[in-house]
Structure formats: C-alpha cells, structure tokens
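Presented below is the structure to which this report refers.
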C-alpha cells in the first residue's frame, strides 16, 4: 500500500488514497489466509466428531446394560424382603413354610416358589437363638439378570 500512496499525488486531507487495478478489485474481501476451512480441515473435524459420537454410543450401550442389571438386582432384593415379610406372619407350629428345613440349592416342597418366569425364590429355616425365633435365609435366583444372578439374605423372625 505504501507504493500506492506514492503514485497518487494530491490526496485530499482526511481521505485515504486507494489503489486502482489488482489491489482495488480485492478491496472489501478477506485475505487468502482467512477465506474459510479447507477440505482437509473439514474432514479431520468430521473424523474427530465421528470418533466422539461412536464413544458416546458405546457408553450409552454400557449404561443401559448396567441399568438393567441394577434393576434386576433391586427386584431380587425386593422379592427376598417380601418373602421375609410373608414368613413373619406365619405360625411356626401350623405352617410348614416356617418349619425347620429347606434347601438353597434345590427346589424343595414348601421351601421354594417361582413368582415370575426365570426367577426362583428358595429359603432355609433353622432354629433361632430362642424357642420363639427362627433364622431364615432366602436365596433369589434371577436368570433374567446378566450379573447379580444370585441374591442371599438372612434374618431372624419371631413368633408373636
């Protein structure tokens, strides 16, 4: 631009002299370095974005599996607690479900139930520390769960 100023004699004060010709046709446009993104830059940014989205999709799949596993574990625990509540209401002398016996590894009559498909609840009843108590262990086998398939809970119930 300094060459243009030398070639334009008599510029008015307060106005800026302009060059005619090649430089004049570029007036009002951005320099070549700021013209936008190149194809390579766009492709690299798309690659980075694609890698990020694939990672998020994988994380979503893992999160969904963990949610299902946690839900099934909570279901197993709730079923065991429900069985404790049911057994606490029974009479030790009259009901065979709270008589001493049972097996956690096999389905034994009066000591197991299948509340839904793929879920088995088994329990063992043992003598408690006093005559009016029983130690009960409940095992819930949940074939629907991918993890935490077996949940064991124990408690002492009392005859009122």
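Where a number appears in this text, it was derived from the coordinates with a stated rule and is not lab data. For clarity, every value in this text was computed on a predicted model and none was experimentally measured. Backbone-built Cβ (ideal geometry, glycine too); neighbour counts: all protein chains shown.
Below, the figures for the structure above:
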{"item": "Where N is the number of residues in the range 64-116, Cα Rg divided by 2.2 N^0.38 Å", "result": "1.42"}
{"item": "Least to most buried among 123, 160 (fewest other Cβ within 10 Å first)", "result": "160, 123"}
{"item": "The range 35-158 - Rg and Dmax from Cα coordinates, angstrom", "result": "25.0, 91"}
{"item": "Net length gained if the chain between residue 43 and residue 99 were fully extended (0.36 nm per residue, minus Cα distance)", "result": "12.9 nm"}
{"item": "The range 35-158: relative contact order as a whole-number percent, Cα under 8 Å and 6+ apart", "result": "22 percent"}
{"item": "Order of 154, 76 - criterion: other Cβ atoms within 10 Å of each residue's Cβ, fewest first", "result": "154, 76"}
{"item": "Neighbour-count ranking [beta-carbon atoms within 10 angstrom, fewest first] of 150, 144", "result": "150, 144"}
